[in-house]
Amino acid sequence: MSNDGAVQNVLVNGRTYALPQRPVVVVLLDGCDPDYLALGLQAGELPAFARIAREGFADEALSALPSFTNPNNCSVVTGVPPAIHGVSGNFYLDRQSGETVMVTGDNELKVPTILAAMADAGVPTAVVTAKDKLRAALAKGLPIGRLGIAFSAQHAAAAQLKTHGVNDVCDLVGRSEPDQYSADLSLFALDAGVKLLESNRAQLLYLSLSDYVQHRHAPEEKEARDFMRSVDARLARMMDLGAIVGATADHGMHDMARPDGSPNVVFVGDVLADAFGPGSCRVICPITDPFVRHHGALGGFVRVHIAPSGPEVSEVIQCVSAVAGIDQALKGEDACRRYDLAPEMEGDVTVIATHGVALGGCATEHDLSGLAGDRLRSHGGTAEQRVPFMVSTPLTQTWRSAHPHPRNYDIFDAVLNGVVR
Ligand SMILES: [Zn+2]
């Protein structure tokens, strides 16, 4: 508290965050492997990112595991790993009901967000997501209509003052709602952020993009380079408007195809059915989401739930570990301890792939037609934990010394507490 009684900071999940003194934007570059930035910077085609690297702070960070979208978005807005906030996947098996659940709401998020705390403290705060499936969780607790704005690019036309804190988003951005499978889904979210800044409607913004482009295109491909340049232009505009911009990613992205172009997959469900019989184990792919078209629900991390009549945990671990392409098969509780995972979503055995390999359940459960002959690119394991971590203004020596190995969920701490004032 200052002398006039105004709140100067908020305490969220054990960390104190200073209220922004000027507009602050955190951009979650979904699926932005550091290679996309490195290539564009080397080619000299990302002037805003280059400016951030030159004038501010640019490093790499580790994402939370599993390196999927929902767990990491939730980590970024809460400042803590899945072990604390509870969201350890996009999709999980509810052990109590035996039903699988797609995470599209805010039920699983157990702790408050930095964004809601800031809005409660009087900071006009906006959450803009590319995909609507993240909006509810990321906007949890946000006082919509008072100091909170939350909408998605995917359902921009549906935004209403009462439910989203803003009307007529398409008019605001100046174009119609983007296709959910398009690069423009992300660019629309960034443009909306720019418009909110220009019209002074938010002082703190969280803009969460989609990884549609990165799933389909390697860093050197024209589509990826065009996309990165388009992102760069929006960041430039935000900085020109006087905002502090922080950028990180939820996960990286790697090619998971064989030399002949076919997906390089270990179907863990089939491996276990062959070894222990059909129905002995159930494999859950936590990458599964309503956007499976570009990855076929294949990623670098799966969970095995063993049937009551099934094999021992140790037998499953031994069986899976022996398969080429498996980096680690761990007892669920050991994986939770090692990687700060949420125990309530963990399986009996946690399986992580090696670099360049995707994991699946049974081959018959995965629809790969959406790949349409493209090479599989995906994420989920430790190999995709490396992400960019950038802030447009310098960070204090104190902050840097306290975070020698930043996590992506330190980004709000960096932009709010670490900047040189
Ligand atoms: Zn993602």
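What to note about this one:
- Residue pairs whose Cβ atoms lie under 8 Å apart, separated by 6 or more positions or on different chains, with the first residue in region 13-34 and closer than 30 Å to residue 215 by Cα and the second among the basic types (Lys, Arg), are 33/386; 34/386.
- Between 350, 364, the distinction of being among the polar types (S, T, N, Q) and either touching a residue at least 12 places away in the same chain (Cβ under 8 Å) or not in a helix (DSSP H, G or I) (or both) belongs to 350 only.
- Residue match in region 12-29 (condition: under 26 Å from residue 239 (Cβ atoms), of a type in the set (D, E, K, R) and in contact with a Pro (Cβ under 8 Å, 6 or more places away or on another chain)): no
- Residue match in region 76-95 (condition: in contact with a Gly (Cβ under 6 Å, 6 or more places away or on another chain) and more than 22 Å from residue 418 (Cβ to Cβ)): no
- Leading residue by the ranking (nearest to the ligand (Cβ to nearest atom)) among those in region 1-37 that are hydroxyl-bearing (Ser, Thr, Tyr) and modelled with pLDDT of 95 or more: 36
- Criterion (closer than 28 Å to residue 30 by Cα, open to solvent by less than 50 Å² (accessible area, probe 1.4 Å) and free of Cβ contacts under 8 Å to residues at least 40 places away in the same chain) met by exactly one of 329, 257: 329
- Contact map, region 306-319: first residue touching a residue at least 12 places away in the same chain (Cβ under 8 Å), second residue of a type in the set (D, E, K, R) and open to solvent by 30 Å² or more (accessible area, probe 1.4 Å), Cβ cut-off under 6 Å, separation 6 or more or different chains; pairs are 306/348; 313/331; 313/348.
- Restricted to strands (runs of 3 or more DSSP E) entirely inside region 200-273, those with at least 2 residues that are within 23 Å of the chain's Cα centre (by Cα) and at pLDDT 95 or above are 204-208, 244-248.
- Positions within region 38-80 being within 16 Å of the ligand (Cβ to nearest atom) and open to solvent by 10 Å² or more (accessible area, probe 1.4 Å), in sequence order: 62
- Residues within region 384-402 that are within 19 Å of residue 55 (Cα to Cα) and outside any helix (DSSP H, G or I), tallied: 9
- Of the helices (runs of 4 or more DSSP H) lying entirely inside region 64-176, those containing at least 1 residues that are out of contact with any Leu (no Cβ under 7 Å at 6 or more places or on another chain), among the acidic types (Asp, Glu) and farther than 25 Å from residue 380 by Cα span 114-120, 169-173.
- Residues of region 232-254 classified as within 16 Å of the ligand (Cβ to nearest atom) and closer than 15 Å to residue 29 by Cα, total: 7
- From the list 367, 340, 413, the one residue that fits, being of a type outside the set (Lys, Arg), at pLDDT 95 or above and open to solvent by 50 Å² or more (accessible area, probe 1.4 Å), is 340.
- Counted residues, region 274-302 - those being in contact (Cβ under 8 Å) with a residue 40 or more places away in the chain, open to solvent by 30 Å² or more (accessible area, probe 1.4 Å) and part of a loop (DSSP other than H, G, I, E, B): 1
- Residue match in region 90-105 (condition: open to solvent by less than 10 Å² (accessible area, probe 1.4 Å) and over 24 Å from residue 155 (Cβ atoms)): no
- Residues that are hydroxyl-bearing (Ser, Thr, Tyr), open to solvent by 10 Å² or more (accessible area, probe 1.4 Å) and either under 22 Å from residue 117 (Cα atoms) or within 15 Å of the ligand (Cβ to nearest atom) (or both), drawn from region 201-231: 212
- Criterion (surrounded by fewer than 23 Cβ atoms within 10 Å (Cβ to Cβ) and farther than 17 Å from residue 234 by Cα) met by exactly one of 157, 183: 157
- Taken across region 83-100, residues that are closer than 21 Å to residue 408 by Cα, without any contact (Cβ under 8 Å) to a residue 24 or more places away in the chain, among the hydrophobic types (A, V, I, L, M, F, W, C) and out of contact with any strand residue (DSSP E or B) (no Cβ under 7 Å at 6 or more places or on another chain) do not occur at all.
The values are calculated or read from the model by the stated rules, or taken from the named source; none is laboratory data. Bear in mind that the values here come from a model prediction, so they are computed numbers and not experimental data. Reconstructed Cβ throughout: ideal geometry from the backbone, glycine too, with neighbour counts over all protein chains shown. Just so you know, the surface numbers come from the protein's heavy atoms only, side chains and all, with ligands and any DNA or RNA stripped out. Shrake-Rupley method; radii C 1.70, N 1.55, O 1.52, S 1.80 Å.
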